[in-house]
Amino acid sequence: MKLELKGFVGFYKNKLHLIEGILANIYYGFPSQKLRLIGVTGTDGKTSTVWMIYHIFKRAGKKVGYISTVGYFVGGKEGYGGHHVTTPKNIDLQRLMKEAVKNGLEYLVVESSSHGLDQHRLFGCRFVASVITNVTNEHLDYHLTYERYLAAKAKLLCMSELRIANKEDKSFDFLKKEFQDLKTFGLNEKNKADYSYSDYRQSFLFKEGYNNANAMAALAVCLELGIEKKVIIDTLRKFSFPPGRMEIVQTKPFKVIIDFAHTANGLFQFLGSIKKTKKGKLIHVFGCAGERDRDKRYEMGFTSGKYADVIVLTAEDPRSEKLGSINNEIKRGIRRSGFKGLLIEEDDRKKAIFKAIKLARVCDIVVITGKGPEKSMNIGGIEYPWDEKKVVLDAPVCFRKYPTLSF
């Protein structure tokens, strides 16, 4: 009954979002019609793919901007989009597009969330191309089922002239039935995607397989839109990830990496890639957001337990939920994973990071996930300023010079 009621309320709420979208377009004069929009959606890899496409187009000499989780560039100065926002609200999105037109941009790469698509924030937009990186279980607190979540993502393809999808993702069978003209990318040459990693293996190679998938998504978009292969390859060879994505904050005497990974699949891919290269212990600091998909808490705990040697469980936007309740669900997954390492609980995220750094020794890797580039932490419904990278850099120097604890 609760699910039915939630769906009923959501239906009418989204009608209001549609009206907002119509009014915002009228107020700003339908600015998206004067831009060549490129859309990127998916559960994981959206931001990295947007970043790759943006830099490839920029290197090709195109007048290009982006709107993404890490912020936006619409000509002039770069900016930060807002608290926990991927696709801005209707009025903000149309304002940014109007600014892009005013500043003479031709292309705009737009990271498109399932919430944004479902709530008509992209109303009035027509994309020259769009790509879906992957669709795994996420945001089911909002969409209720995987099928609805996938349908929301697929709306982006309906708004596009050129449609590109991951042939190796579980969403592909559904997408292929709905869109007969799909272009495809993939890593496994046996799948015979239109753009296969095997054809570009010698051109660029990220250590992490999932980033090779993101690179193939970007490459497919750019080739289809006429960017020269040499420009694409040269850009990807020298590519640097956006802030808060696999960002190495320090390397000596041990490595500290921050990343936005906040889904079970994202964590699986990220921690799995680090596990293959580490020489010391893997110390993982993370939590799960409150008032969001509860099912992923167990799965993320299980994944961390499989890969980490030390887990420091802490807050990640608990909102109005009790942190203890959130962490209890995560711990169920940790226990089920067979985790035999050290588990520490520290509610204060800053103290949790400090504790992790104090534990680390030479050759260890401290991985901090969930917040990445975000600039606030929601506790009790209030947004408090937060800067993950600054917290790491503020850790007492003595922790780095004289690691004291062995385990």
Legend entry - Selection within segment 334-353 - within 13 Å of His284 (Cβ to Cβ) and small (Gly, Ala, Ser): Ser337, Gly341, Ala352
Legend entry - One residue from Lys275, Lys279, Lys252, Lys306 being surrounded by fewer than 21 Cβ atoms within 10 Å (Cβ to Cβ), outside any strand (DSSP E or B) and either β-branched (Val, Ile, Thr) or modelled with pLDDT of 95 or more (or both): Lys306
Inset, instruction - Select from segment 255-272 the residues that are of a type in the set (Phe, Trp, Tyr) and not in a loop (DSSP other than H, G, I, E, B) and write down the one among them that is farthest from Asn211 (Cα to Cα). - result: Phe268
Inset, instruction - Report, by residue number, each residue of segment 311-359 that is within 23 Å of Glu291 (Cβ to Cβ) and in a loop (DSSP other than H, G, I, E, B). - result: Thr314, Ala315, Glu316, Asp317, Pro318, Ser320, Glu321, Lys322, Glu346, Asp347, Asp348
Inset, instruction - Working only within segment 219-238, note down all residues that are within 20 Å of Leu187 (Cα to Cα) and β-branched (Val, Ile, Thr). - result: Val221, Ile232, Ile233, Thr235
Inset, instruction - From the list Lys170, Lys177, pick out the single residue that is on the phi < 0 side of the Ramachandran plot and assigned to a helix (DSSP H, G or I). - result: Lys177
Inset, instruction - Report yes if some residue within segment 213-236 is free of Cβ contacts under 8 Å to residues at least 60 places away in the same chain, of a type outside the set (Phe, Trp, Tyr), surrounded by fewer than 21 Cβ atoms within 10 Å (Cβ to Cβ) and part of a loop (DSSP other than H, G, I, E, B); otherwise report no. - result: yes
Legend entry - Only one of Val64, Val74 that is touching a Leu at 6+ places or on another chain (Cβ under 9 Å) and more than 21 Å from Glu161 (Cβ to Cβ): Val74
Legend entry - Test: Ser203 is crowded, with 18+ Cβ neighbours inside 10 Å and among the polar types (S, T, N, Q): no
Legend entry - Conditions (1) surrounded by fewer than 24 Cβ atoms within 10 Å (Cβ to Cβ); (2) assigned to a helix (DSSP H, G or I); (3) touching a residue at least 60 places away in the same chain (Cβ under 8 Å); number of the one not met by Ala154: (3)
Legend entry - Selected residue [among the aliphatic types (A, V, I, L, M) and touching a Leu at 6+ places or on another chain (Cβ under 7 Å)] from Ala129, Ala193, Ala151: Ala129
Legend entry - Matching option when the condition is touching an Asp or Glu at 6+ places or on another chain (Cβ under 7 Å) and in the same structural domain as Met216 (by TED's automatic domain parsing), among Val40, Val70: Val40
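The values are calculated or read from the model by the stated rules, or taken from the named source; none is laboratory data. Worth saying up front: this structure is predicted, and the values here are computed from it rather than measured. All Cβ positions, glycine included, derive from the backbone under ideal geometry; neighbour counts span all protein chains shown.
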